[in-house]
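A quick write-up on the structure given underneath.
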Amino acid sequence: MLANQIGYYSLILGLLLSVLLCGVSIKDFNKTNKQINQNILSLSFLQLVFVIVSFLSLIISFINSDFSNETVFNNSHTTKPLFYKISGTWGNHEGSLLLWLLVLTLFIFLFLIKSREQPKKYRILTLLFQQIIIIGFFLFVLMTSNPFNYLFPTPNEGLGLNPILQDPALAIHPPILYLGYVGTSIIFSSSLAAVTQNYILKQWGQHIKKWVLVSWIFLTIGIMLGSIWAYYELGWGGFWFWDPVENVSLMPWLTLTALLHCVVVLERRAALTSWVVILSITTFTLSMCGTFLVRSGILNSVHTFANDPARGIFILIFLFALIVLSLGIFFTFHKENNKSSNNFFWLSRETSILINNWFMMYFLSVVLIGTVYPIFLDVISSEKISVGPPFYQKLIVPFLIPFLLFMSLGPRLKWIKSKIENKNSLIITFIISVMLTFFIIKNLTADLLFYTVLISAAFFLFFTTLKELFIKKFNNISQTVSHFGLSLLILSILFNNILSSEIITNIKIGERYDYNKGEIFFKKIEERKESNFNSIIASFEIKNKNGKTIELKPEIRIYNQPIIITSEADIRTTLLEDKFLVMNLVKGNEYFNIRYQVKPFMVWIWISVLLLSLGGLMSLFKRKI
Amino acid sequence: MYGKKVKLRFTFLALILASVILTVFLVLQSLKENVVYFQSPSEIKSLIELNKKKIRVGGMVKEQSVSINSDEVNFIITDFKNEINVVYSGSVPNLFAEGKGVVAEGFLKDKNYFTATKILAKHDENYMPPEVKEAIGDK
């Protein structure tokens, strides 16, 4: 009750502070003092405090199961474990927007602290642009999705949280992903501020690179967490489905990766300035689009909390306003500096980074078209279609070959003008990669030529980066670690795809199922009662050809509030392979539907993504030379 | 005639243009091959010729129509005007049940028989795919 009121009024105070901040900073803008007015910093801090208070009071309402709060009523239940009561705070539309707002205000405050040595006008403008976004989100929360709506009479029990969201990985997935998404808002605001001040220079590159890295790391890990969750919770045994909701998180990642590479060029050579600004704008726009598509109910998924057209329209208008504003600023203020830095030889580090960007843009357009085209077609012709994984695989996988090759060579080039050094050792590495691949692939029943070329390219990158890691001839170890991570990721995904096997069958208790590589025995089921669900735990014995037996215990959970049945897969993970068994219930039937999968190198997919982000982390904390 | 710089810029532009055209062409081509259309049982009945391509069929699982044996699941999808028999071998999502909405992906054998390769999982009991809602006319 009380928490509700406090939360609501803090939000309104936060909004008022936004307006006040804009006023104060506009006044301060033309004053001659060198540093920004100390009041601005305090006000920004105060705003952050108000949003934190608001967020905490929502958490408290969730912990106390205060059902006079509509959000709590819709998404919580008294029997839910405490951990999921808390994570339920951002497991719904209203709460997750409050989290957006929290991260927005947190980041602008951090920006103000961390940018003391930057020009004053640039800092104030960044703050202004960021406040425009913040005001937009405040209005959005207060007008269309107030998390503190009051319910009277107070219901005795809540509706509960969708059980598939009651999961540790999913409890931290949204905050991490949001840190990545919202981090791009700082990049957006500050690049607009830098354009108006004609400050797209080396210093700005060094300063903004940190923010790009932070967003990139969080986005990478956020996507990975979602993917891990999908792997063990959705019961398909895959980790990436090219589902529109996954795609919208991949798109800003692609542009952010492109931006990360471009910022390096900017930092060293003050080149590619327009491109950096365009990428900054695009990245944030795509993050916003992601929020819009996911929240408006246009895309169907577990992320769609409510189909409220008013929300969709609000975000859409806000998004258009931001795009128009940013493009307007870009075209009015941006001047391409015609210095010598734009000239570089065709064989140089700059070219290789441009090539990286081309590939990123290509991948982006494939994902974008695959995601948006069905929506578009539905609107103009009301034909319902879906674009499946083959579309993406066909268009992306072949292009990985040149991409990987360029990636092995690019980092070896020098700025401005270069030639390829150590040709012999490169050629030897390449031959080793091809031969190794050939011997591996020969024993498998896969498309020989295509996979040999593809995997050779991946191995080539793998060995070249591995060699560099040990020789340390180039001091750029963070980059090498990331590139090594990517080669490992692609190798694991490819081998995982080629070598995976699965068995799907319907089976009764006590039955045996023989397949060409072994036998599955459905031993028994047990029932167990938990506070918020009943579960059926089955036990299966899986016998290999060589007589080795493992026992797997998949589970079916019947949640009481809301009444939903979920399957919990049992996964036996080793360094070489995952054994994955999931069981489904067919209502009113004695048969259980089971799916048994052997997925090689599964754990390496997660490890390699961690390596990828570790590279980013190392770059972030690298001492300036 | 033109300076070296202009020529270089020209080649650069041409290269970009060529790659953009190539991209668009590839994407459209692949889109044409890999798009899966959604149809209701009634729409299938009114087809003039059968398509060999993969489609999705959606509607309600008819009451009393599910039968299971060790390697197959048989059921009927209905939109309360027309219905279609579905044969499926594969894993069944938990929320698959008689009287509930369903989307099946696969191939038509004829206008009355559909071989499904996948039954799409839903995330939530109350949630109904908009396609299904439309197909059964907002019941």
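The values are calculated or read from the model by the stated rules, or taken from the named source; none is laboratory data. Keep in mind that what you see is a predicted model, and the values were worked out from it rather than measured. Cβ: placed from backbone, ideal geometry, glycine included. Neighbour counts: every protein chain shown.
The residue of segment B:73-125 that is modelled with the lowest pLDDT, among those that are more than 30 Å from A:Asn162 (Cα to Cα) and of a type in the set (Asp, Glu), is B:Asp110.
Which ones in segment A:293-313 are buried (at least 20 other Cβ atoms within 10 Å of the Cβ) and at pLDDT 70 or above? Scanning segment A:293-313 gives A:Leu293, A:Val294, A:Arg311. Whether any residue in segment A:58-75 is out of contact with any helix residue (DSSP H, G or I) (no Cβ under 8 Å at 6 or more places or on another chain) and farther than 30 Å from A:Pro163 by Cβ is what I want to check. No, because not a single residue in segment A:58-75 is out of contact with any helix residue (DSSP H, G or I) (no Cβ under 8 Å at 6 or more places or on another chain) and farther than 30 Å from A:Pro163 by Cβ.
Taking the criterion of being within 12 Å of chain A (Cβ to nearest Cβ) and part of a helix (DSSP H, G or I), the only residue of segment B:40-69 that qualifies is B:Glu43.
Show me the strands (runs of 3 or more DSSP E) entirely contained within segment A:520-579 in which 1 or more residues are within 14 Å of chain B (Cβ to nearest Cβ) and surrounded by fewer than 13 Cβ atoms within 10 Å (Cβ to Cβ). By residue number, A:563-568. When the criteria are applied in full, B:Phe75 meets the requirement of being buried (at least 20 other Cβ atoms within 10 Å of the Cβ) and over 18 Å from the mean Cα position of the chain (by Cα). Restricting attention to segment A:334-354, the residues that are within 12 Å of another protein chain (Cβ to nearest Cβ), at pLDDT below 85 and in contact with a Phe, Trp or Tyr (Cβ under 9 Å, 6 or more places away or on another chain) total 1. If you go through segment A:190-207 and keep only what is closer than 14 Å to A:Leu110 by Cα and either buried (at least 24 other Cβ atoms within 10 Å of the Cβ) or among the small types (Gly, Ala, Ser) (or both), you end up with just A:Ser190.
Just to be sure before I move on: is A:Gly510 in contact (Cβ under 8 Å) with a residue 12 or more places away in the chain, over 25 Å from B:Thr117 (Cβ atoms) and within 14 Å of another protein chain (Cβ to nearest Cβ) in the structure I sent? Taking the combined requirement at face value, the residue satisfies it. Of the residues contained in segment A:473-495, one or more are found to be away from chain B (no Cβ under 14 Å), farther than 30 Å from A:Lys209 by Cβ, assigned to a helix (DSSP H, G or I) and touching a residue at least 40 places away in the same chain (Cβ under 8 Å). Checked against (1) more than 30 Å from A:Ile313 (Cα to Cα); (2) among the aliphatic types (A, V, I, L, M); (3) touching a residue at least 40 places away in the same chain (Cβ under 8 Å), A:Leu142 meets all criteria but (1). Taking the criterion of being on the phi > 0 side of the Ramachandran plot and crowded, with 21+ Cβ neighbours inside 10 Å, the residues of segment A:228-251 that qualify are A:Gly235, A:Gly237.
In segment A:533-547, is there at least one residue being farther than 19 Å from A:Thr505 by Cα, of a type in the set (Ser, Thr, Tyr) and more than 29 Å from the chain's Cα centre (by Cα)? Yes, there is a match, as at least one residue in segment A:533-547 is farther than 19 Å from A:Thr505 by Cα, of a type in the set (Ser, Thr, Tyr) and more than 29 Å from the chain's Cα centre (by Cα). Beta carbons closer than 7 Å, at least 6 apart along the sequence or on distinct chains, pair a first residue in segment A:61-82 that is under 18 Å from A:Asn560 (Cα atoms) with a second that is in a loop (DSSP other than H, G, I, E, B) and among the aromatic types (Phe, Trp, Tyr) for A:Phe73/A:Phe67. Among the residues making up segment A:355-370, a single one is of a type in the set (S, T, N, Q) and at the interface with another protein chain (Cβ under 10 Å from one of its Cβ atoms): A:Ser365.
Could you look through segment A:587-610, keep only residues that are in a loop (DSSP other than H, G, I, E, B) and in contact (Cβ under 8 Å) with a residue 12 or more places away in the chain, and pick out the one that is nearest to the other protein chains (Cβ to nearest Cβ)? The qualifying residue nearest to the other protein chains (Cβ to nearest Cβ) is A:Tyr591.
Residues checked against (1) acidic (Asp, Glu); (2) closer than 30 Å to B:Gln39 by Cα; (3) more than 9 Å from every other protein chain (Cβ to nearest Cβ):
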| residue | (1), (2), (3) |
| --- | --- |
| A:Val372 | no, yes, yes |
| A:Phe376 | no, yes, yes |
| A:Ser381 | no, yes, yes |
| A:Tyr392 | no, yes, no |
| A:Ile396 | no, yes, yes |
| A:Pro411 | no, no, yes |
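Within the bounds of segment B:26-39, is there any residue that is charged (D, E, K, R) and either assigned to a helix (DSSP H, G or I) or more than 10 Å from chain A (Cβ to nearest Cβ) (or both)? Yes: one or more hits. Residue pairs whose Cβ atoms lie under 6 Å apart, separated by 6 or more positions or on different chains, with the first residue in segment A:103-117 and at pLDDT below 95 and the second surrounded by fewer than 20 Cβ atoms within 10 Å (Cβ to Cβ) and aliphatic (A, V, I, L, M), are A:Leu112/A:Leu41. With the condition kept exactly as written, say whether any residue in segment B:2-20 is surrounded by 15 or more Cβ atoms within 10 Å (Cβ to Cβ) and closer than 27 Å to A:Pro390 by Cβ. No, segment B:2-20 contains no residue that is surrounded by 15 or more Cβ atoms within 10 Å (Cβ to Cβ) and closer than 27 Å to A:Pro390 by Cβ.
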